[in-house]
Amino acid sequence: MEDFKRLLQLAYPHRVRLLLATFILGLGTLLNLAIPFNLRQLVDGVFNEAGRAQLNQTAVTLLAILLLRMSSGVMAGYLLEWTGERIVADLRRRLFAHLIHLDLRFFADTRIGEITSRMSNDVSVIQNAVTSTLIGVIERVLLATGSLSIMFLLNWRLTLAIFVTIPLVVLSSRIFGRYVHQLSREVQERLAAATSVMEESLGAIRIVKIFVREPHEVGRFNHEIESLFERVRRRARLHALYGPLVSMLFAGAMVLVLWLGGQEVLAGRLTPGKMIEFLLYASFIASSVSVFSSAYTTFKRAIGSTERVFELLEQEREIRVPEAAASLAPMRGSIRFEHVSFGYDPALPVLENLSFDIAAGEVVALVGVSGVGKSTLMDLLPRYYDVTNGRILIDGVDIREVKLASLRAGIGSVPQETLLFAATVRDNLRYGRLEASDEHLIAAARAANAHDFIQALPQGYDTLVGERGVKLSGGQRQRIAIARALLKEPALLLLDEATSSLDSESERAVQVALDELLAERGRTTLVIAHRLSTVRSADRILVIAPVEGVGRLVEQGSHQELLARRGVYHQLYTMQFREEEAVLVVNQQTDELLQERL
């Protein structure tokens, strides 16, 4: 009942239109109930003296009733169709608005294909249940109630014969409905799994092709589709059995009514016209019960979908903001970590007891071996995740005490993996600041060393970049990401190994933009260092190293200071940066020789 109430709650905001549709259907029901009566008049009128006149009058009346019935059906059908589509649109808007505000942890744990399936397939099942099926049930309740009332007035003995089959139908509905509910939920889950496989495969189509894994992906998809088909087959088998069973029960009841009705006609207690009228009303009840049984299974399917949709709507955000939270604006950019620890699973810490200060406007590099928690540390600043212990302060305020929008409004980010929208270059850049003028947009692109290649594109800034920016190279995407972050004009900029996944040519182009960016002062910048030039240009370096498997801050200082200590940073420098430094020296000497010859 709780899930059924949820279904009704979805329809409640549109109750006026639904009530109007119900009223129109009620008028249609009255017109339906008038048809058997007029047919009785037609049949019985043939046998009396005024037969021809009554025949003509009844035929005209029936035509008028059918015309009015069609008109009411058209109006009610439009209202129901409109309401159903409105419910679907509202529910999808509500779902998306809720999902877009959920924390990153939810999206890390949930497949996008699963979410897509719930927003499309499950919502469509719900739409059918709360509009046409629900109103159809109401219409049939009115029709069945009116038919039973008239049948009792016509002949109560025959009416009791109809009730013989009702308990059997109700019992079978309950038994079948229980299995249909379970199978319908499994069908939606298997459909979601198949959708997820499809989205994953197509989203990683380059990887699929380079590893020649098309047969493997087809096999994965086929497995999910066959699993889906097996459950659909079982549900279809139930439906195939249930419909004929109900029809057989009522067919048996109709045979009984025919036999008993024939006895009543022979005994003179019932005219032939009344017998036909009674049978028509009985057929209304039979068809109504058939609709009820079909609606019951539809509601069971819808309840399964409702459970899945409301599982999303009931997902709560882990990142809590106090009601009295203040705005952090304008942000200056000073940062303090006070004994910060964090683990995606509290029992398995990733970072432990980090304490350091970053002054506003300072450029700080994070270095450490892969997997030590550098990117995780950056994710804590915009509160993608909350610290397990300790606290983080920006401008002297605990970030858990300020509004999320004001916190994130002051932070810009360039991640390792650049994601662009399937829109124009201009639209992707302007995502950093929607109201930015073209002048500001071009200035940001120039600062990111992106303007020249954008101008060379077929439509310049109005060139479509394709799904996830697939029409651009990695270096081009990364420079657009840098420009997008710059256009936001953040007080705090986070650069997460922005060149780590690029080829050498793209890396050089992006690094030029980063070097120019880091040379500017007035903006606090936290950068995960990938190149020696980034480390050297930083005001300070924070060295994160694994201690007993957990990331800790082990050293901090300038490049020269840390080298002089000959500690962890010196080891990292020896392994990672010394060869790069030698290449830089050779390049510099080559440039000097060329200049001398010129």
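Does any residue of the range 141-150 turn out to be modelled with pLDDT of 80 or more, assigned by TED's automatic domain parsing to the domain that holds residue 36, within 30 Å of residue 345 (Cα to Cα) and crowded, with 20+ Cβ neighbours inside 10 Å?
The answer is no; no qualifying residue exists.
For the range 430-449, give me the residue count where each residue is closer than 20 Å to residue 414 by Cα and at pLDDT 85 or above.
Here the count works out to 12.
Between 447, 405, 443, 436, which is farther than 30 Å from residue 343 by Cα and surrounded by fewer than 17 Cβ atoms within 10 Å (Cβ to Cβ)?
443
Since residue 530 meets every condition but one in (1) at pLDDT 65 or above; (2) in a helix (DSSP H, G or I); (3) not hydrophobic (A, V, I, L, M, F, W, C), which condition does it not meet?
Single failed check for residue 530: (2).
Please tell me if residue 400 is outside any strand (DSSP E or B) and at pLDDT below 90.
Here the answer is no, as residue 400 does not meet what is asked.
Suppose we filter 365, 325, 329 for residues that are closer than 19 Å to residue 525 by Cα, of a type in the set (A, V, I, L, M, F, W, C) and surrounded by 15 or more Cβ atoms within 10 Å (Cβ to Cβ); which single one remains?
After ruling out the rest, the residue left standing is 365.
Could you say whether any residue in the range 415-431 is touching a Phe, Trp or Tyr at 6+ places or on another chain (Cβ under 9 Å), under 21 Å from residue 328 (Cα atoms), of a type in the set (D, E, K, R) and not in a loop (DSSP other than H, G, I, E, B)?
no
Based on this model, can you work out whether residue 338 counts as at pLDDT 90 or above, surrounded by fewer than 20 Cβ atoms within 10 Å (Cβ to Cβ), over 24 Å from residue 108 (Cβ atoms) and in contact with a Gly (Cβ under 9 Å, 6 or more places away or on another chain)?
When the stated conditions are applied, residue 338 passes them.
Sort out which residues of the range 443-501 are among the β-branched types (Val, Ile, Thr) and assigned to a loop (DSSP other than H, G, I, E, B), and write them in order of number.
Those that are among the β-branched types (Val, Ile, Thr) and assigned to a loop (DSSP other than H, G, I, E, B): 463, 465, 470, 499.
Right, residue 344: outside the structural domain of residue 541 (by TED's automatic domain parsing), in contact with a Ser or Thr (Cβ under 9 Å, 6 or more places away or on another chain) and touching a residue at least 12 places away in the same chain (Cβ under 8 Å) or not?
When the stated conditions are applied, residue 344 does not pass them.
Please enumerate the residues belonging to the range 25-49 that are among the β-branched types (Val, Ile, Thr) and at pLDDT below 80.
Answer for the range 25-49, where residues must be among the β-branched types (Val, Ile, Thr) and at pLDDT below 80: 43, 46.
Answer yes or no: is there a residue in the range 550-558 that is within 30 Å of residue 339 (Cβ to Cβ), among the hydroxyl-bearing types (Ser, Thr, Tyr), at pLDDT 65 or above and surrounded by 18 or more Cβ atoms within 10 Å (Cβ to Cβ).
no
Could you go through the range 247-266 and let me know if any residue there is over 54 Å from the mean Cα position of the chain (by Cα), surrounded by 21 or more Cβ atoms within 10 Å (Cβ to Cβ) and outside any helix (DSSP H, G or I).
no
The values are calculated or read from the model by the stated rules, or taken from the named source; none is laboratory data. Predicted model only: the values in this text are computed from it and were never measured. Note that each Cβ is placed from the backbone with ideal geometry, even for glycine, and that neighbours are counted across all protein chains shown.
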